[in-house]
1. So which of 9, 23, 60 is in contact (Cβ under 8 Å) with a residue 60 or more places away in the chain, farther than 17 Å from residue 336 by Cα and among the aliphatic types (A, V, I, L, M)?
2. What residue, among those in the stretch 57-94 that are in a loop (DSSP other than H, G, I, E, B) and polar (S, T, N, Q), is surrounded by the most Cβ atoms within 10 Å (Cβ to Cβ)?
3. Every residue in the stretch 28-42 that is in a helix (DSSP H, G or I) and farther than 26 Å from residue 263 by Cβ, please.
4. From the residues in the stretch 95-111 that are among the charged types (D, E, K, R) and exposed (fewer than 13 other Cβ atoms within 10 Å of the Cβ), which one is farthest from residue 161 (Cα to Cα)?
5. For the stretch 14-47, enumerate the residues that are loosely packed, with under 15 Cβ neighbours inside 10 Å and of a type in the set (Phe, Trp, Tyr).
6. Do the conditions hold for residue 205, that is, is it in contact (Cβ under 8 Å) with a residue 12 or more places away in the chain, among the charged types (D, E, K, R), more than 30 Å from residue 264 (Cα to Cα) and part of a helix (DSSP H, G or I)?
7. Give the residues of the stretch 181-198 that are buried (at least 19 other Cβ atoms within 10 Å of the Cβ) and part of a helix (DSSP H, G or I), sorted by residue number.
8. Looking at (1) crowded, with 23+ Cβ neighbours inside 10 Å; (2) more than 20 Å from the chain's Cα centre (by Cα); (3) assigned to a loop (DSSP other than H, G, I, E, B), which is the only condition residue 323 fails?
Amino acid sequence: MVLPGLPLLPTTIVGSYPQPDWLIDREGLKSRLPPRVRAQELWRIKDPQQLADAQEAATLVAVSDQKLAGIHIVGDGEMRRESYSNRLATSLAGIETDPPGQAMDRTGKMNPVPRVAGPIRRTSPIESQDAAFLKARAGCPVKITIPGPFTMTQQAQNDHYPDMAALALDYADAVNAEARDLFAAGVDIVQLDEPYLQAKADEARSFAIEAINRAVKGVGGVTALHICFGYAHVHQGASKPGGYAFLEELEDSHIDIISIEAAQPRLDPSILRELPTKHIMYGVIDLNDPDVETPEVVADRIRQALPYIDAERLLIAPDCGMKYISRETAFGKLKAMADGAAIVRRELTGSD
């Protein structure tokens with residue numbers, strides 16, 4: 001088992017949970033590409049201290065919903081971020097955002113991004129205080145997500161380093177420093193979000209594994225890595241491939257858990273054979289489907305994976321972050337996910 005005390009087929013979220021409309025302009029968030037630089041204009045509350053208090057309150061809502069749904073490893077829902085990556089990526093020394101740079105998003109459109117103007121350094125902790133807040137209030141294992149070094153290279157304009165590989169290694173050092181502080185704050189799992197491994201697979205093969213291994217070297221805890229085809233909301237109308245262009249390469253990484261989406265792309269579960277030593281966070285909730293899955297549908301999706309992986313190595317999760325769907329739908333899907341995992345758990349062990 002990846003963490004002591006967890007049941008078979010433990011459940012978790014990938015990262016984000018819907019932010020309340022009283023906290024952030026959700027329609028404004030949905031109407032644009034995911035922000036790579038800060039987008040303070042999206043927050044409903046403008047006073048910095050009041051905003052911080054509101055973000056803490058929203059975090060408590062996210063934690064409460066997850067626990068009520070039956071989730072075993074909870075996250076903070078990324079309530080303090082406009083996107084999964086921009087908070088950490090814009091807090092590093094060497095980054096300029098006035099003016100920002102430009103880089104192509106996964107949709108093929110140009111997006112304002114951090115501009116690398118000097119050596120990348122993490123000069124102080126960024127999320128450790130948030131992690132301590134989560135751990136003190138969750139009463140169960142917790143996970144914090146941070147952007148991975150390869151993805152940050154793809155979401156930046158490099159005006160300093162001789163090549164992207166050199167940039168990725170310095171990003172990796174910054175991620176490593178942050179992960180160490182997150183574990184020191186009590187986090188049980190630190191997850192690197194690396195969706196661009198799939199989007200830029202050829203470039204990833206040249207230096208991503210080296211950077212990822214550098215990012216998690218000696219951090220002192222369980223690590224996860226999320227790889228996906230992108231938010232369903234952002235890629236509406238685009239069909240998702242039935243397999244990953246970059247997956248088996250992660251077997252050579254020092255990551256403990258690999259998180260993949262399987263429900264919406266109808267992933268062939270035999271692909272799990274490509275990661276024979278890894279724990280797998282398996283996506284069983286389709287975030288492109290507005291209907292809430294039944295527990296029986298979830299249970300069937302889990303069963304489809306079991307011929308290709310030992311149940312002891314399997315964690316159950318949604319496909320991706322849930323920030324673009326409604327809170328009601330998100331909670332319903334998490335509850336169905338937890339109940340579906342319980343069905344299969346009873347089949348395997350005779351108990352919940």
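Laboratory data are not the source of any read-out in this text; all were calculated from the coordinates shown. Predicted model only: the values in this text are computed from it and were never measured. Here the Cβ positions follow ideal geometry from the backbone for every residue, glycine too, while neighbour counts run over all protein chains shown.
1. Values: 9 fails: farther than 17 Å from residue 336 by Cα; 23 fails: in contact (Cβ under 8 Å) with a residue 60 or more places away in the chain.
None of the others qualify; the one that does is 60.
2. Looking only at the stretch 57-94, we keep the residues that are in a loop (DSSP other than H, G, I, E, B), and these are 70-72, 75-85, 90-92.
Applying the additional criterion that residues be polar (S, T, N, Q) yields 83, 85, 90-91.
Numbers: 83: 23, 85: 26, 90: 19, 91: 18.
Restricting to residues being in a loop (DSSP other than H, G, I, E, B) and polar (S, T, N, Q), the top hit is 85.
3. Within the stretch 28-42, the subset in a helix (DSSP H, G or I) is 28-30, 40-42.
Passing the criteria: 28, 40, 41, 42.
4. Residues of the stretch 95-111 that are among the charged types (D, E, K, R), as a first pass: 96, 98, 105-106, 109.
With the extra rule that they be exposed (fewer than 13 other Cβ atoms within 10 Å of the Cβ), the set shrinks to 98, 109.
Numbers: 98: 19, 109: 24 Å.
Among residues in the stretch 95-111 that are among the charged types (D, E, K, R) and exposed (fewer than 13 other Cβ atoms within 10 Å of the Cβ), the one farthest from residue 161 (Cα to Cα) is 109.
5. 22
6. Details: in contact (Cβ under 8 Å) with a residue 12 or more places away in the chain: yes; among the charged types (D, E, K, R): yes; more than 30 Å from residue 264 (Cα to Cα): no; part of a helix (DSSP H, G or I): yes.
So residue 205 fails the test.
7. Passing the criteria: 181, 182, 183, 196, 197, 198.
8. Only one criterion is unmet by residue 323, namely (2).
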